[in-house]
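To start, the structure under review is shown below, and the notes come after it.
Throughout, read-outs are computed from the coordinates displayed, never taken from laboratory work. Source: prediction; values computed, not measured. Glycine gets a Cβ as well: all are built from the backbone with ideal geometry, and neighbour counts include every protein chain shown.
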Amino acid sequence: MDNIIDGKKLAEDILVKVKNETKKLYDNHKIQPGIAVIIVGDDPASQIYVSSKSKKAEECGFLSIKHVLSKETQEKELLQLIETLNSDPKIHGILVQLPLPAHINTNNVTQNIAFQKDVDGFHYINIGKLTANVFEDTIVPCTPAGIIMMIQQKCGKDLSGLDAVIVGRSNIVGKPIATLLTAANATVTIAHSRTRDLDEICRSADILVVAVGHPKMIKKEWVKKGAIIIDVGINRIATSKTDKTTTYIVGDVDFEEVKEKAAAITPVPGGVGPMTIAMLMVNTLKAAARAHKLPVPEF
Ligand SMILES: NC(=O)c1ccc[n+]([C@@H]2O[C@H](COP(=O)([O-])OP(=O)(O)OC[C@H]3O[C@@H](n4cnc5c(N)ncnc54)[C@H](OP(=O)(O)O)[C@@H]3O)[C@@H](O)[C@H]2O)c1
């Protein structure tokens, strides 16, 4: 159906541009963007994410380094590794895969990554600049950066007059996408678990972004006809009651029924997920250009 937003295809197009810009950077200046990805522990989902990020970085022509640390690693050791990477001129982006084991303070870790290398966009300096609408040298978190690109491809850059509802107020998705939508002139409502009449609020949305982590929570009765629906959720469902190891992924939106009403909708998988990885590559490339005071490619 032509109302499906093909995040995979859009991400592939972005990655082609990243590859080309990376080649130009190397050919003209002998600079190769470098990313270091750190994983602590053996969470299977995190391992899959880290491998696919490292693989994409290699495909883009980046220097891609993976640090795999045991789940017993102490916070001090992790901070030392980050310090080394902060001062390594070959590394322009540092990503620590979340969640971290409970004995490590996640905030301490994310705030100790140099903000210029914080390609996840979690550092308070990047968050602060984003909130202040300073976009030139700010690293925007990858998932919201991909989402706003998908929305603006459908609706145009200026979202004046459109009502956007975001379900979920997390620091990594809900809040930054609210900031980006507001900056693009949408009128934004942020809903969460304490919101009253959530179905009614969702029905008022011209643009509905859902990031809650509850499988198929948004039903067709909750959606305005002709709305743009962005499903951020990744929920792993066991294939059968007896076999819990084989899983498939669904989003937070009941895709099959909502797609009949939506003007455009992202599938899960194949929507927001691939765009998130593509934007990580964009953030790393831009960080490399900035580190060498070169013009930053536009996306
Ligand atoms: N595709 C991607 O690349 C990508 C990237 C990041 C996250 N995700 C996925 O997106 C989902 C959300 O991630 P997150 O990190 O933002 O999650 P999170 O930090 O757990 O936040 C979830 C948000 O949903 C709200 N919520 C929970 N139950 C609700 C309900 N019944 N009604 C209304 N709001 C409710 C929570 O409200 P309160 O604040 O009131 O608790 C919270 O604000 C997860 O499935 C995650 O795996 C996907």
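A few comments on the model shown:
- Were the residues from GLU221 through SER51 laid out at 0.36 nm apart, the gain over their Cα-Cα distance would be 57.3 nm.
- Extension gain from THR106 to TYR248, taking 0.36 nm per residue of separation minus the Cα-Cα distance: 48.3 nm
- Cα→Cβ-extended label distance, 7 Å offset, between GLU298 and GLU200, nm: 4.3
- Anisotropy class of segment 173-250 from Cα gyration tensor, a/c 1.5 cut: prolate
- Rounded Å value of the spacing that divides the Cα centres of segment 1-59 and segment 74-113: 20
- Report note on the peptides 228-235, 261-268, 246-253: ranked by the mean count of other C-beta atoms within 10 Å, highest first, their order is 228-235, 261-268, 246-253.
- Residues HIS214, HIS92 in ascending order of nearby Cβ atoms (within 10 Å, fewest first): HIS214, HIS92.
- Overall form of the chain per C-alpha gyration tensor (a/c, 1.5; a/b vs b/c): prolate
- When the charge dipole of the chain is built from unit charges on Cβ atoms (+1 for Lys and Arg, -1 for Asp and Glu) and taken about the Cα centre, the candidate among ILE277, GLY34, ILE151 whose Cα reaches farthest toward its positive end is GLY34.
- Distance from segment 227-299 to segment 183-209 (C-alpha centre basis), Å: 20
- Neighbour cut-off at most 13 other Cβ (10 Å), DSSP loop, GluC sites (Glu not before Pro), segment 223-299: GLU260, GLU298
- Set LYS8/LYS71; LYS129/LYS154; LYS8/LYS55; LYS76/LYS286; LYS24/LYS66; LYS55/LYS286 screened for pairs whose C-alpha atoms are more than 21 Å apart: LYS8/LYS71; LYS129/LYS154; LYS76/LYS286; LYS24/LYS66
- In a fully extended conformation the segment linking ASN86 and ASP42 would gain 13.4 nm over its present Cα-Cα distance, using 0.36 nm per residue.
- Burial ranking of peptide ranges 125-135, 25-35, 282-292 (average Cβ count within 10 Å, highest at the top): 282-292, 25-35, 125-135
- Report summary: the helix-based calculation at 222 nm, which adds -39500 (n - 2.57) for every DSSP H run with n ≥ 4 and divides by the residues of the chain, gives -12500 deg cm²/dmol.
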